[in-house]
Amino acid sequence: MQELTKFQKRLKFENKVASGLITLGGYGVIVSVLLIFFFLVSETLPLFWKTSLEKDFEISGKTPISIGMDDYKELVYQVYENGIISYYNIKQKKNVKYDTLSLSAGEKIISSSSTLEKDEIAFCTDSGRIINAAVLLTPEYSGNSRSIVPKLVNYEDFYGKESGKSLENLAFDKNENGNKFWVWTSEKKNVFIKIFDLEEDLNYTHKLTELTGGTKITASAINAETEVLFLSDENGEIFYFDISNYESPELKSHWKASNNEITAISFLIGGNAVVLGSKKGEVEIWFQIRNENDDVVFTKTQVFENHNSEITKIVPSQRNRTFLTVDKSGELHLNYSTTSATNVKFDNEKKGIKLVDFSPTADVIIVADDNSKIGFFNLQNEHPEVTVNSLFGKIWYEGYSKPEFVWQSTGGSDAFESKMSLIPLIFGTLKGTLYAMLFSIPIAIFGAIYVSQFAPKNLAVIIKPIIEIMAALPSVVIGFLAGLFFSPLFEKNLLLIVLLSVAAPILFVVIISLWGLIPEDKRRKFSNTWELTFVFIAMVLVFMIFWGISEPLETLFFDGNVKNWLYSNFNIGYDQRNSLVVGIALGFAVIPIIFTITEDALTNVPKSLTSASLALGASKWQTVQRVVLPAASGGIFAAIILGLGRAIGETMIVLMATGNTPILDLSLFNGFRAMSATIAVEIPEAPVGGSLYRVLFLTALLLLIFTFIVNSLATYIGDKLRKKYARY
Amino acid sequence: MKINVQNSISASFTTDLSKEKIILETKNVDLCYVPQVRTLTNVSIQIPEKKVTAFIGPSGCGKSTLLRCFNRMNDLIPGISIKGLITIDGIDIYSPETKLEELRKKVGMVFQKSNPFPMGIWENVAFGPKVNGIREKAELDEMVESALIQADLWKEVKDRLNNSALDLSGGQQQRLCIARALANKPEIILMDEPASALDPISTNKIEETIDELRENYTIIIVTHNMQQAARVSDYTAFMMIGEMIEFNATSKLFTNPEKKLTEDYITGRFG
Ligand SMILES: Nc1ncnc2c1ncn2[C@@H]1O[C@H](COP(=O)(O)OP(=O)(O)O)[C@@H](O)[C@H]1O
Ligand SMILES: [Mg+2]
């Protein structure tokens, strides 16, 4: 008795431990999947955080002409109209140093213009003089402490052509060779340009009034990188000058860009896109595209939220395609060019805005208001280039002739406009999956039907493990073979491959029917191995025949080269690593899954049902068609969907066997770029926390959701079919 | 007509079939599932037309095996070998000229465990005609109705022909299987212990159905229930260890068997 209870106790204990462990395991799986999901979501969410602008601190003082700060946000400089430059230390909350620009008595600075990087500023005085200078804020290190050392560097100064008169519309820029460009107007209509060629040490000054026809000029902007000058007049006309020939600037074209007066112009980073602001508060981006006549013309591509008041300033960021627009009423908009989005609207508590600028790192916006206060606002704007629309919609990128879905995440420089539309990647994944399924479903399902219903036992015993081994083949091996062996082979023997894929099944059916012509009792005498040998020999024969005729055929009908023929007649390009190769390679990865599950489902159809069918006079094939397949449909469906899930998630094969070209084209003969492959290729290059990094996480999340949906669908529909047909 | 058959364990037995027309006949049938192991030994029997013939005998003696020879359901078993002659209407059913599908249309079968397809009732009954090439809906409807009426199921299911056959009770499912076999308009119906998995009431119903069918069909029924054999059959064959021990009119076999073995079996001394 004693022993029995002991034993029972142990049994109870073991039961508890076992069920505890199993429960733990089950929950563990669920929890870890959820954790992955939440991790992906948490990495993705910052993409969609709203842009915010928050006041950090403010200082008081007269409104400066120009203002700026260092990279570390320690020192602020302000240039006043009397030429005094004060340096304000943010930590110490006081001015730490002063400099002065040498002005003559009573001379006042009235405006300024600088390069995008702010490494040189041109000031314009009321006596018609232009003074160039640089305010350098250099960090210096002593031990562990860093201090920012301010320094004023004076460059040339000169009087505008008609001295004594005040100048307007000053625009200054400097190119990478150190050549400088100034543009200004006097009496609002006489336009001058001065170019300083550093290498030759030559100055050129030209009057452009003849070219503009003497209309009232309202704004100007120079883009030194591409040597373009934009002028606008009161009628909304834009004058586009090519200033690359320093001896004679050329008016390339002029056109009416707006029905209203254009009041502000600015080039964005990269120098291709120009922002125009009008008297009525319109804000638009224009850039050069190639039109249908193959001419390069400036075209309006993006329109931003209207200000309802005259645009007074446009300030581009030197980091990305963000730019600020300010209107006469003192409202400030923060816009992002790629997405056509106005992310922040800010009225500065109705205190008006006299001057705005970005910090060099573009995460602080400096606003000088009408009440002699200068506010410093922290800008939270990590991922302006990513919006739902930019991920899934068509975007008009610089240099493109129309809005498009484009994936091109990284470029050479900061000025690169990253293009992160997920559509080409989703398309690529679906395209690869489509071709893989087209290839694998018939093979796997017919194979499973053959093995489970028709093949002799001894053969089934061989085939099944072989196909299961196929499943264990590392996909990198399949990808490697497809990319480096089969792609060139296919390219060389394109016609043969196409012929075989069309003709082989037909011939196979013919062969089988021929086999069926042999009377059954004679057929019986052959063992099943014979049957197979017969099929095998027939297939080899078919292959040889096609191999033999493909070359003469190519010469005869396709001008000797199918690829060229396709291209010249149908405009179908052929890439070596194309969807045909990937479809087959991916199919190889998918076949074992579909085959195994389908085979199981077919084998599990009770014999009593097939017997019933056969006993009613149904042929073997009728039985398969009418009884076995419907009864196994749930399992077959699940098999297909699971295969689909595998194809969607498969990475190595699509990575290695496609050209990874993110194009939207269903053609069998070019490649694609799948979501999975993109993640694999680009995540090592993506700066942690950057937009690309997060978009790749979003891609991963989408993949997870895709496969989740697909698998749930498999379970759900599979269950339904099973309930309907598999109640035996 | 009187025949004498020489058997190994038994001496000859005599069967009086003089009044009957013979539809199915086996001559010296030997069957091995496994080489050298005979499951049927030298079986010769004549089945009269439009009569109910019962096969009885201890479990494993080969009744089902013999039954399955009549519609060649054994063919698919790998390694099987069948020797001897089996004719239906005088034609050798194992000859190369015999079309398997046609044979099975002519010789219907009802299995021990009811096996309706996981489809609607109508679909189940129409299955045979459909695979045999009948496409006309009206024609099929008529065949389905007539088969269901003959199987005594029509009244119960006529309002729910599209419901799943699997929702029927066990007895109804078996009668559906009978209807399904009848829809093919067979000459012979093989029944392998059709009621063995059913409750007494359902069994009774099946027996009634068989009773109604006897006028138009030749029925061969395997049963291990001797009362059932006595109740439904006109002729009874007693088998043992793969051999045909005695075949006679049911009334004679159960009251006055020729063989000691038969008598021992029907009186329950073994089996
Ligand atoms: N498919 C088969 N393969 C091998 N042996 C079988 C097969 N079917 C039946 N047998 C054997 O043949 C013998 C007769 O079986 P069966 O005809 O089912 O007997 P019964 O129906 O009289 O009970 C049994 O010993 C059984 O084990
Ligand atoms: Mg049996």
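Okay, here's what the table says:
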quantity: Region B:69-141: GluC sites (Glu not before Pro) in DSSP loop, at most 11 other beta carbons within 10 Å; calculated: B:E97, B:E136
quantity: Accessible surface of region A:241-332 [probe 1.4 Å, protein heavy atoms]: carbon and sulfur percent; calculated: 38 percent
quantity: Mean Cα-pair separation over length for chain A, i.e. relative contact order, pairs under 8 Å, 6 or more apart, %; calculated: 10 percent
quantity: Where region A:423-726 is the region considered: accessible area per residue in Å², 1.4 Å probe; calculated: 49 Å²
quantity: Packing-based order for A:506-513, A:652-659, using average beta carbon neighbours within 10 Å, highest first; calculated: A:652-659, A:506-513
quantity: Accessible area buried at the B-A interface, both sides summed, 1.4 Å probe (Å², nearest 100); calculated: 2000 Å²
quantity: Hits among aspartates and glutamates - C-alpha to C-alpha of A:K252 under 15 Å, sequence gap 8 or more where chains match; calculated: A:E210, A:E227, A:E237, A:D242, A:D295
quantity: Rg to Rh quotient for region A:54-402, alpha carbon positions, Kirkwood Rh; calculated: 0.95
quantity: Antiparallel bridges, percent of DSSP beta bridges restricted to the protein assembly as shown (to nearest 5); calculated: 90 percent
quantity: DSSP-loop trypsin sites (Lys or Arg not before Pro) across region A:1-57, with at most 11 other Cβ within 10 angstrom; calculated: A:K50
quantity: Cα gyration tensor, region A:423-726 - rounded (a/c under 1.5), prolate or oblate; calculated: oblate
quantity: Global geometry of region A:27-70, whether rounded, prolate or oblate, following the gyration tensor of its Cα atoms and the 1.5 cut on a/c; calculated: prolate
quantity: 10 Å Cβ neighbours from other chains, averaged over peptide B:108-119; calculated: 5
quantity: On Cα atoms only, tilt of A:691-725 relative to the major axis of chain A in degrees; calculated: 30 degrees
quantity: Within 10 Å of each Cβ in B:131-137, the average number of Cβ atoms from other chains; calculated: 2
quantity: Å² of accessible area per residue within region A:54-402, as computed with a 1.4 Å probe and no ligands counted; calculated: 43 Å²
quantity: For region B:137-196, radius of gyration divided by Kirkwood radius, i.e. Rg to Rh on alpha-carbons; calculated: 0.96
quantity: Mean Cα-pair separation over length for chain B, i.e. relative contact order, pairs under 8 Å, 6 or more apart, %; calculated: 27 percent
quantity: Accessible area expressed per residue, region B:150-271, with surrounding protein chains retained (probe 1.4 Å, Å²); calculated: 41 Å²
quantity: Average Cα contact separation per residue, region A:423-726, under 8 Å, 6 or more apart, as relative contact order %; calculated: 32 percent
quantity: Sulfur and carbon atoms: percent of accessible area, region A:423-726 [1.4 Å]; calculated: 72 percent
quantity: With every protein chain in place, region A:6-48: carbon and sulfur % of accessible area (1.4 Å); calculated: 77 percent
quantity: Filtered GluC sites (Glu not before Pro), region A:201-290: DSSP coil and at most 13 other beta carbons within 10 Å; calculated: A:E247
quantity: Packing rank of B:229-235, A:693-699, where each peptide gets the mean count of other beta carbons within 10 Å, highest leading; calculated: A:693-699, B:229-235
quantity: In sequence order, calculated HN-Hα J values of region A:411-428 (Karplus, 6.51, -1.76, 1.60; Hz; x Gly/Pro); calculated: x, x, 9, 4, 6, 5, 8, 6, 10, 10, 8, 7, 4, x, 6, 4, 4, x
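The values are calculated or read from the model by the stated rules, or taken from the named source; none is laboratory data. Since we're looking at a predicted model, the values are computed, not measured. Cβ coordinates were reconstructed from backbone atoms using ideal geometry, including for glycine residues, and neighbour counts include every protein chain displayed. The accessibility values were calculated without ligands, DNA or RNA, using every heavy atom of the protein model including side chains. Shrake-Rupley method; radii C 1.70, N 1.55, O 1.52, S 1.80 Å.
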